[in-house]
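Here the structure is laid out as structure tokens; the discussion comes afterwards.
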Amino acid sequence: MNFSEVLYRPMKKGEEGIISALIVDVFTEFIMPLYSREGTEEFLRYVQEEKISERSQHNHFILVAQIGSHVIGAIEVREFKHISMLFVDDQYQRKGIGGNLIREAISICQENSPELDQITVNSSPNAVQAYEKFGFLWSGSEQEISGIRFVPMVFKLPGGDGA
């Protein structure tokens, strides 16, 4: 894959349905088997097109990775400090797309919050190794809230108080 073909950019208004469909596809294949019915229902409510639109107008931003006209990945960040979601189309996983989305998102977070010393994420259990590869460390043990299983993790930013 030619990485110069991948465009990283903010989500455009009207793309919420595309983002939601991508997330649901990846979730269904890789994460849903780990969740209870309650967790699956809770997650699917969270990623509805209307909910994504609502969050993006308040305290969240979404970046997408795109090749041609095809959105292949998305990251959502809350309050410039917490990764709410990171999903990459299964055909493009393990090719650097997730890491690039994280780097781009962190750059935006630092621009908007210069005092920021860390970024957090509640990783699904099957994504922990990927986040560790990106430099995130466990900040607690696996938890479950409303059926959503996750491992709290943190990325200490260079030069921050936590570095």
Name the long-range amide H neighbours of GLN93: under 5 Å, sequence gap of 5 or more, or other chain; modelled H, no Pro or chain starts. none
Fewest-first sequence of THR28, THR40 by Cβ atoms within 10 Å of each Cβ: THR28, THR40
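Hey, fewest Cβ within 10 Å first, where do SER141, SER123 land in order? Mind dumping the intermediate values first?
Values: SER141 7, SER123 22.
Final ranking by Cβ density, sparse to dense: SER141, SER123.
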Each residue of the range 10-27 in turn: what ³J(HN,Hα) in whole Hz from Karplus with 6.51, -1.76, 1.60 and θ = phi - 60°, glycine and Pro shown as x? x, 4, 8, 4, x, 8, 4, x, 5, 5, 4, 4, 4, 4, 4, 4, 5, 4
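For LEU63, LEU101, LEU157, LEU34, what's the fewest-to-most ordering of other Cβ within 10 Å of each Cβ? If you can, show how the numbers build up before the last one.
Values: LEU63 21, LEU101 26, LEU157 17, LEU34 12.
Placing the least packed residue first, the sequence is LEU34, LEU157, LEU63, LEU101.
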Label ASN126 and GLU50 with points 7 Å out from Cα along Cα→Cβ: what is the distance between them in nm? 2.9
Of all lysine pairs in the range 3-114 that are eight or more residues apart or on different chains, those with Cα atoms under 22 Å apart total 4
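Which FRET efficiency value, to the nearest 0.05, is calculated for SER107 and LYS156 with the Förster distance at 22 angstrom and r the Cβ-Cβ distance?
Details: r = 16 Å, r/R0 = 0.72.
In this case the efficiency is close to 0.90.
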Short version: ³J(HN,Hα) in whole Hz for each residue of the range 141-154, in order, from phi by Karplus 6.51 cos²θ - 1.76 cosθ + 1.60 (θ = phi - 60°), x for Gly and Pro, what are they? 8, 4, 10, 9, 10, 6, x, 8, 8, 7, 10, x, 9, 9
Go through the range 104-115 residue by residue and turn each phi into a ³J(HN,Hα) via Karplus (6.51, -1.76, 1.60, θ = phi - 60°); whole Hz please, and just put x for glycine and proline. 4, 5, 4, 4, 5, 4, 5, 5, 8, 9, x, 7
Which of the aspartates and glutamates could be linked to LYS133 by a straight reach, that is with a Cα gap under 20 Å, when you skip same-chain ones fewer than 8 residues away? GLU76, ASP89, ASP90, GLU104, ASP117, GLU142
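Here, each number is a calculation from the coordinates, and none is a lab measurement. Here the structure is a predicted model, which is why all the values come from computation and not from measurement. Cβ sites come from the backbone with ideal geometry, for glycine too, and all protein chains shown count toward neighbours.
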